[in-house]
Amino acid sequence: MDFLLSSLSDGLLIGFIYGVAAMGLTLIFGVMDVINLAHGPIIALGMFGIYLTFNNIGLQPYIGLILVAAIGLLLGIIIYLIVVRRVLDAPHLSTLLATFSVNMIIIGLGTAYFSTAPYNVDFSLGRVSLGPITLLGTRVIGALAAILVTIGLYLFLYRTRPGRYIRAVANNRNAAELMGVPSNKILALSFGLGTMLAAFSGGLIATFFPFTILAGGSYELKSFVICVLGGMGNPIGALLGGLILGLIEGIIPTIMETTWVPVVEFALFVIILLVRPSGLLGAKK
Amino acid sequence: MKLLNNHLGLLIALSVITLLAVWPLVTQKPADREVAFTILRAVALASSLNIILGYTGYVSFGHIVYFGIGGYVGFYLISQQGYSLYTAMLAGGFSAGLIAFLIGKAILRLRGAYFALATIGINQAILAFVANFDLFGGPIGMNINFQLYQDYGGAPKALQLAFYIMVGITFVTVLVSYAVRTSKFGLGLLAIREDEDAAEVMGVVAPNAKTWAYVLSAIFPGIIGTLFFFKNANIQPHDAFPLHTSIELLVMVMLGGYGTVLGPILGAAGYQRMRGLLLTSPFFKDIQLSVAGILLLVIILFIPAGIVGWIRNRFPKTRRVLQ
């Protein structure tokens, strides 16, 4: 019972962070119908961003996160301007391959620089005990940061003018343009926000898991599962999907071997796509 | 002569493959034979993928799953049940086709990005399942006892044999690809690619046509999977279902020109050659992936129709010849 409880709460805490990663993917899909296959490498860059700021500059990881997020935003805008903008109206194959080429470029440079050896950020916040449950401090803070970011994103999308523009462009780009929304800038901003969330989640993960430059790939796949669970293009759904995935990862090890986790995850993914492609909370429409 | 003129496109495609097949026979170097094997494998896989991707317009991102399924089924029959390579290859192709039929029935209802995501999900689900499946050796996979190659005249002879079979499979794959492209069935597929709803109105039974195109594009990867892992003497989950190779196949089809018979052949040969050169060059070997990525980006941004597509658009007279 204790094992189940601690496994569940661990899963739930990580679920928040998965949710943030998936939110980045789903935001980009919702606004411009692009599946960003460079999502994983950007998560990995977020991890290495924390590693570099912590080990080389000695910055506290949570302050480093702000820097990582800013760089993530900038990187996303650059990727949008160079790559995505030109294939926005092309068929899906083109956008998929275009973002995948960015994936290859980042992974190629990353492997040359960091090799594929595992790295870790040697940082700890001790443990928190709640009755029978003991939680890692870094994971609690990570989950809290993820919640804060979600609230921030919600406020940005629903309470500010650029946020309203983003929603307008997601709804109907042509109509938004006619209303005077600078759609190109808004699309660049949305893509940047998406990659910012990816880099941010990568940074959070780096505070408690070891990682390699290729580690982003598995989080990217998890993000796909989460996006489909919550409904493609629905950021709040993504958080819920992240929690569900975290719970699954918490429950399964208590009833069968851990190696079955991906089988369940991806089977669920395909089933949801087939039965309810709009996800649990409904996709953007 | 008329026959020759009508099928000039096929002749060009087949002569490219013949060149690839004859080259290691002329140089008589085993290393060249291995390079040619890798290129032919890529050509056959890309041509198969082209049937569902290029002709029908469905982006199958995880197509390598059929290579893995065929590889595992065939390898199991060879190494654990003692079947011959030929029976195993048939079984590998059949099981890949059968699973493609079942999966295709379900996921071909999805369109666009959702279909692409589903194919990734299926590849990962089956990879994770096989890694837990004890009959297939779980995460460790299976091995072939080297004694087994004695039946084929020893390991060197077996490698030689595998190469000849690969040449044969590539020829058949390209012939099938050409036959589909020039048939009424292929015309239906092309119509689905342009506008599925309009195609249905015109009398194309889209669900059936799509499913058969998907099955057809899965059978050859299944056969090749068995052959490849027979030659490899070892099979592991991550070697059998590499998502990365799957995406490389898409790159090859794009590079050569999607929806053409010749495109995937040139794309696969060109990509493999380039990759080999980058990997062996001292300057590029560390960043070969980045260089390939930049090349892919340039192609997508500036010549989205691929090499063959570009030539066809630029010089309309070549359209009769370059299928």
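The values are calculated or read from the model by the stated rules, or taken from the named source; none is laboratory data. Because the structure is predicted, anything quoted here is derived from the model rather than measured. As a convention, Cβ positions derive from the backbone with ideal geometry for all residues, glycine included, and neighbour counts pool all protein chains shown.
Taking the residues in the range B:20-51 that are touching a residue at least 40 places away in the same chain (Cβ under 8 Å) and among the polar types (S, T, N, Q) as candidates, determine which candidate is farthest from B:V251 (Cα to Cα).
B:T38
B:F61 is checked against (1) part of a helix (DSSP H, G or I); (2) within 14 Å of another protein chain (Cβ to nearest Cβ); (3) surrounded by 24 or more Cβ atoms within 10 Å (Cβ to Cβ) and fails just one. What number does that condition carry?
B:F61 satisfies all of (1) part of a helix (DSSP H, G or I); (2) within 14 Å of another protein chain (Cβ to nearest Cβ); (3) surrounded by 24 or more Cβ atoms within 10 Å (Cβ to Cβ) except (1).
Those residues that are among the hydrophobic types (A, V, I, L, M, F, W, C), buried (at least 23 other Cβ atoms within 10 Å of the Cβ) and farther than 29 Å from A:K185 by Cα, I need them from the range A:1-47; list them, please.
Scanning the range A:1-47 gives A:L13, A:I14, A:F16.
Scan the range B:276-323 for residues that are more than 13 Å from chain A (Cβ to nearest Cβ), assigned to a helix (DSSP H, G or I) and of a type in the set (A, V, I, L, M, F, W, C) and jot them down.
If the condition is that a residue be more than 13 Å from chain A (Cβ to nearest Cβ), assigned to a helix (DSSP H, G or I) and of a type in the set (A, V, I, L, M, F, W, C), then B:L277, B:I307, B:V308, B:W310, B:I311 are the ones that fit.
Please specify each residue of the range B:151-210 satisfying the condition of being more than 29 Å from B:F229 (Cα to Cα), free of Cβ contacts under 8 Å to residues at least 60 places away in the same chain, assigned to a helix (DSSP H, G or I) and among the β-branched types (V, I, T).
Scanning the range B:151-210 gives a single hit, B:V201.
Just checking, does the range A:90-112 include any residue being in a helix (DSSP H, G or I) and surrounded by fewer than 17 Cβ atoms within 10 Å (Cβ to Cβ)?
Among the residues of the range A:90-112, at least one is in a helix (DSSP H, G or I) and surrounded by fewer than 17 Cβ atoms within 10 Å (Cβ to Cβ), which makes the answer yes.
Looking for whichever is closer than 12 Å to A:N36 by Cβ, within 19 Å of the chain's Cα centre (by Cα) and either away from every other protein chain (no Cβ under 11 Å) or among the acidic types (D, E) (or both) here; the options are A:G72, A:G76. Which one fits?
On inspection, the qualifying residue turns out to be A:G76.
Does B:Y164 meet the test of being surrounded by 16 or more Cβ atoms within 10 Å (Cβ to Cβ) and of a type in the set (S, T, Y)?
no
What tally of residues in the range A:71-126 results from selecting those that are in contact with a Gly (Cβ under 6 Å, 6 or more places away or on another chain) and closer than 30 Å to B:R111 by Cα?
6
Can you name the condition, by its number, that B:V253 falls short on among (1) in contact with a Leu (Cβ under 7 Å, 6 or more places away or on another chain); (2) modelled with pLDDT under 85?
(2)
Can you work out which of the residues in the range B:150-207 that are closer than 17 Å to B:Y55 by Cα and among the polar types (S, T, N, Q) is modelled with the lowest pLDDT?
B:T182
What do you reckon, is B:A213 part of a helix (DSSP H, G or I), under 16 Å from B:V174 (Cα atoms), modelled with pLDDT of 90 or more and out of contact with any Gly (no Cβ under 7 Å at 6 or more places or on another chain)?
For B:A213, the condition - part of a helix (DSSP H, G or I), under 16 Å from B:V174 (Cα atoms), modelled with pLDDT of 90 or more and out of contact with any Gly (no Cβ under 7 Å at 6 or more places or on another chain) - is met.
Name the single residue that is nearest to B:W212 (Cα to Cα) among those in the range B:105-148 being more than 8 Å from every other protein chain (Cβ to nearest Cβ) and assigned to a loop (DSSP other than H, G, I, E, B).
B:L108
Can you go through B:L77, B:L102, B:L49 and tell me which one is within 14 Å of chain A (Cβ to nearest Cβ), more than 15 Å from B:M166 (Cα to Cα), surrounded by fewer than 22 Cβ atoms within 10 Å (Cβ to Cβ) and out of contact with any Asp or Glu (no Cβ under 8 Å at 6 or more places or on another chain)?
B:L102
Just need a number here: residues in the range A:239-267 that are at the interface with chain B (Cβ under 9 Å from one of its Cβ atoms) and assigned to a helix (DSSP H, G or I).
The qualifying residues number 9.
Out of A:V225, A:V169, A:V140, I need the residue that is in a helix (DSSP H, G or I), in contact with a strand residue (DSSP E or B) (Cβ under 9 Å, 6 or more places away or on another chain) and surrounded by 14 or more Cβ atoms within 10 Å (Cβ to Cβ). Which one?
Result: A:V140 is the single residue among A:V225, A:V169, A:V140 that is in a helix (DSSP H, G or I), in contact with a strand residue (DSSP E or B) (Cβ under 9 Å, 6 or more places away or on another chain) and surrounded by 14 or more Cβ atoms within 10 Å (Cβ to Cβ).
Buried (at least 20 other Cβ atoms within 10 Å of the Cβ) and of a type in the set (S, T, N, Q): does that describe A:S218?
Taking the combined requirement at face value, the residue does not satisfy it.
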